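**Student:** Quick one: the structure is below, and I'll ask about it shortly.
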Amino acid sequence: MNVLCERILKDGKVYPGHILKVDGFLNHQIDVELLENIADLTYEYFKSEGITKVLTIEASGIAIATVVSQRFGVPLLFAKKSKTKNIAGDVYKTSVQSYTHDTVYDVIVSKEYISSDDRILIVDDFLAMGNALMGLIDLTEQAGATVGGICIAIEKGFQEGGRKIRAAGYNLYSLAVIDEMTDDGKITFR
């Protein structure tokens, strides 16, 4: 069992509705040493893929993606949930339905920062239904770039996202795949 699975068992909290709370170490208060371990595992898995950029979606994936991009020595690009005045020019845009927030929102990436020459490593903290990932894949493909791989910290294997992404032919690497979570707090890993 890897260090992320051990940490989930130690400090994660299961809430009704298949909600796993890991904000004490992964996506609110952040254990940087844990992120460095995640980055090392991700690098070992994807090091031969010729990654030129890491792509994530704001906000929870940014911390993980930052450390991963540093390990690869490539820029980090994150899809924004709203267009701001400091994004000049054209953007790639797609709609994403959030499982956590139960809402649909547009995400954008400036055309200035992604091109057909890029091999993108998509990184995020959670995979449930796969909607955010499909949005990031769509942005990558709009740019004519190649998805070199997808890395997820925690995949809810009992939901359809991972199966959908793998069935589409993408190289998906999840550091912790949860096959079952019960309301009494029991977590079963694949």
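**Student:** If you go through the range 7-30 one residue at a time, how many are within 17 Å of the chain's Cα centre (by Cα) and surrounded by fewer than 18 Cβ atoms within 10 Å (Cβ to Cβ)?
**Tutor:** Of the residues in that region, 5 qualify.
**Student:** If you don't mind, another one. Collect the residues in the range 4-30 that are assigned to a loop (DSSP other than H, G, I, E, B), more than 15 Å from residue 186 (Cβ to Cβ) and of a type outside the set (D, E, K, R), keeping them in residue-number order.
**Tutor:** If we filter the range 4-30 for residues that are assigned to a loop (DSSP other than H, G, I, E, B), which is where we start, we get 12, 16-18, 22-30.
So of that shortlist, the ones also more than 15 Å from residue 186 (Cβ to Cβ) come out as 17, 22-30.
Scanning the range 4-30 gives 17, 22, 24, 25, 26, 27, 28, 29, 30.
**Student:** Still on this structure, please answer the following. Can you name the residue in the range 159-190 that is over 17 Å from the mean Cα position of the chain (by Cα) and surrounded by 15 or more Cβ atoms within 10 Å (Cβ to Cβ) and is also farthest from residue 130 (Cα to Cα) among such residues?
**Tutor:** Out of the qualifying residues, it is 187.
**Student:** Quick one: in the range 132-158, of everything that is assigned to a strand (DSSP E or B) and not small (Gly, Ala, Ser), which residue is farthest from the chain's Cα centre (by Cα)?
**Tutor:** The selected residue is 146.
**Student:** For residue 78, all conditions in the list (1) in a loop (DSSP other than H, G, I, E, B); (2) without any contact (Cβ under 8 Å) to a residue 40 or more places away in the chain hold save one; what is the number of the exception?
**Tutor:** Of everything listed in (1) in a loop (DSSP other than H, G, I, E, B); (2) without any contact (Cβ under 8 Å) to a residue 40 or more places away in the chain, residue 78 misses just condition (1).
**Student:** Tell me which residues, restricted to the range 77-104, are open to solvent by less than 40 Å² (accessible area, probe 1.4 Å) and at pLDDT 80 or above. Write out each step before concluding.
**Tutor:** First, the residues of the range 77-104 that are open to solvent by less than 40 Å² (accessible area, probe 1.4 Å): 77, 79, 87, 91-92, 94, 96, 98.
Within the range 77-104, 77, 79, 91, 92, 94, 96 meet the criteria.
**Student:** Continuing with the same structure: In the range 159-190, how many residues are part of a strand (DSSP E or B), polar (S, T, N, Q) and either touching a Lys or Arg at 6+ places or on another chain (Cβ under 8 Å) or modelled with pLDDT of 95 or more (or both)?
**Tutor:** Pass one, the range 159-190, residues part of a strand (DSSP E or B): 172-181, 187-189.
Applying the additional criterion that residues be polar (S, T, N, Q) yields 174, 188.
Of the ones still in play, those that are also either touching a Lys or Arg at 6+ places or on another chain (Cβ under 8 Å) or modelled with pLDDT of 95 or more (or both) are 174.
Total satisfying the criteria: 1.
**Student:** On to the next question. Would it be correct to say that residue 43 is in contact with a helix residue (DSSP H, G or I) (Cβ under 6 Å, 6 or more places away or on another chain) and either farther than 30 Å from residue 116 by Cβ or touching a residue at least 24 places away in the same chain (Cβ under 8 Å) (or both)?
**Tutor:** Numbers: in contact with a helix residue (DSSP H, G or I) (Cβ under 6 Å, 6 or more places away or on another chain): yes; either farther than 30 Å from residue 116 by Cβ or touching a residue at least 24 places away in the same chain (Cβ under 8 Å) (or both): yes.
Here the answer is yes, as residue 43 does meet what is asked.
**Student:** Taking the criterion of being of a type in the set (A, V, I, L, M, F, W, C), surrounded by fewer than 21 Cβ atoms within 10 Å (Cβ to Cβ) and part of a helix (DSSP H, G or I), would at least one residue in the range 53-62 satisfy it? Step through it out loud before you land on a result.
**Tutor:** First, pick out the residues of the range 53-62 that are of a type in the set (A, V, I, L, M, F, W, C): 54-55, 57, 59, 62.
The next check asks that each one be surrounded by fewer than 21 Cβ atoms within 10 Å (Cβ to Cβ); those that pass are 59, 62.
Next, from what is left, pick out any that are part of a helix (DSSP H, G or I): 62.
Within the range 53-62, one or more residues are of a type in the set (A, V, I, L, M, F, W, C), surrounded by fewer than 21 Cβ atoms within 10 Å (Cβ to Cβ) and part of a helix (DSSP H, G or I).
**Student:** May I pose another question? Among the residues that make up the range 31-49, is at least one of them of a type outside the set (Gly, Ala, Ser), farther than 27 Å from residue 94 by Cβ and either assigned to a loop (DSSP other than H, G, I, E, B) or touching an Asp or Glu at 6+ places or on another chain (Cβ under 8 Å) (or both)?
**Tutor:** Scanning the range 31-49 turns up at least one residue that is of a type outside the set (Gly, Ala, Ser), farther than 27 Å from residue 94 by Cβ and either assigned to a loop (DSSP other than H, G, I, E, B) or touching an Asp or Glu at 6+ places or on another chain (Cβ under 8 Å) (or both).
**Student:** Hey, residue 129 hits all of (1) assigned to a strand (DSSP E or B); (2) surrounded by 15 or more Cβ atoms within 10 Å (Cβ to Cβ); (3) modelled with pLDDT under 95; (4) not hydroxyl-bearing (Ser, Thr, Tyr) but one; which does it fall short on?
**Tutor:** Here residue 129 meets the rest and fails (1).
The values are calculated or read from the model by the stated rules, or taken from the named source; none is laboratory data. Since the model is a prediction, treat every value here as computed from it, not as a measurement. All Cβ positions, glycine included, derive from the backbone under ideal geometry; neighbour counts span all protein chains shown. Areas reflect the complete protein model, heavy atoms only, side chains present, ligands, DNA and RNA absent. Shrake-Rupley method; radii C 1.70, N 1.55, O 1.52, S 1.80 Å.
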